[in-house]
1. Among the residues of the stretch 22-43, write down those that are free of Cβ contacts under 8 Å to residues at least 40 places away in the same chain and touching a helix residue (DSSP H, G or I) at 6+ places or on another chain (Cβ under 7 Å).
2. Under 9 Å by Cβ, and 6 or more places apart or on different chains, what pairs join a residue from the stretch 135-150 that is free of Cβ contacts under 8 Å to residues at least 60 places away in the same chain and more than 19 Å from ASP75 (Cα to Cα) with one that is of a type in the set (Phe, Trp, Tyr) and part of a helix (DSSP H, G or I)?
3. Residues that are touching an Asp or Glu at 6+ places or on another chain (Cβ under 9 Å), under 28 Å from THR142 (Cβ atoms) and assigned to a strand (DSSP E or B): does the stretch 20-32 have at least one?
4. Cβ contacts < 7 Å: first residue in contact (Cβ under 8 Å) with a residue 24 or more places away in the chain and under 24 Å from ALA108 (Cβ atoms), restricted to the stretch 63-81; second residue assigned to a helix (DSSP H, G or I) and among the β-branched types (Val, Ile, Thr), any location; separation 6+ or different chain. Result?
5. Are any residues in the stretch 129-143 surrounded by fewer than 16 Cβ atoms within 10 Å (Cβ to Cβ) and not in a loop (DSSP other than H, G, I, E, B), and if so, which ones?
6. Which of the residues that make up the stretch 55-101 are of a type in the set (Gly, Ala, Ser), more than 14 Å from the chain's Cα centre (by Cα), at pLDDT 95 or above and closer than 20 Å to LEU141 by Cβ?
7. Would you check if there is a residue in the stretch 99-112 being in contact (Cβ under 8 Å) with a residue 24 or more places away in the chain, assigned to a helix (DSSP H, G or I), of a type in the set (S, T, N, Q) and open to solvent by less than 20 Å² (accessible area, probe 1.4 Å)?
Amino acid sequence: TGTLLVEAAGCGLELGEHMSTATVVNAVVMLDGLDLPERRRLDLRVAYHDPCHARHGQGIVDEPRRLLASIPGVDGVDPDEADVCCGSGGGYALQHPVLSDAMGRRKAHRLIATEADLVVTANPGCLGQIRDALAAEGSDLTVLPLTDLLWYACLAADPD
């Protein structure tokens, strides 16, 4: 027995259904429960994309938003249709590439409309899908893992 910490939402959901000897914990949930170091101010408007495997599969909705709100200066925004899939969906994009591309572009339009400086998510499949869709739409909007943004804010904080 033990704890398995997982950053990819899809992997966390799948492992949680099949691991009988370990507790599977999503990294965003774990980080939300920790007393993290002081975070530096980052004056950014940040759009958060909910991975379906986290939001619908595990009920992880408030934790990533609390983490964003914990970074001074970050204005966290949700795109319209925040609960709608980006089209990555594990193997979905491989089985249905045309529909997946259309879903990704729709998500890209919603994210661009937030006028965010940055997009963050908590699943590598979503990150790649959204990055590709934004590029296909001619956007240079950067997409990062939420944990990377949080790490940067903590690492660069001035302890004084």
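The values are calculated or read from the model by the stated rules, or taken from the named source; none is laboratory data. Quick caveat, the model's predicted, so the values are computed rather than measured. Cβ placement follows ideal geometry from the backbone for every residue including glycine, while neighbour counts extend to all protein chains displayed. For accessibility, only protein heavy atoms count, side chains too; no ligands or nucleic acids. Shrake-Rupley method; radii C 1.70, N 1.55, O 1.52, S 1.80 Å.
1. Scanning the stretch 22-43 gives VAL24, VAL29, ASP32.
2. From the stretch 135-150, no pairs qualify.
3. yes
4. As it stands, the answer is PRO64/VAL28; LEU67/VAL28, since those pairs meet every condition given.
5. Matches in the stretch 129-143: ALA135, ALA136, THR142.
6. Selection gives GLY73 alone.
7. Yes, the stretch 99-112 has at least one match.
Residue-wise test of (1) more than 23 Å from ASP117 (Cα to Cα); (2) assigned to a loop (DSSP other than H, G, I, E, B).
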position: LEU34; (1), (2): yes, yes
position: ARG39; (1), (2): no, yes
position: ARG65; (1), (2): no, no
position: ILE71; (1), (2): no, yes
position: SER88; (1), (2): no, yes
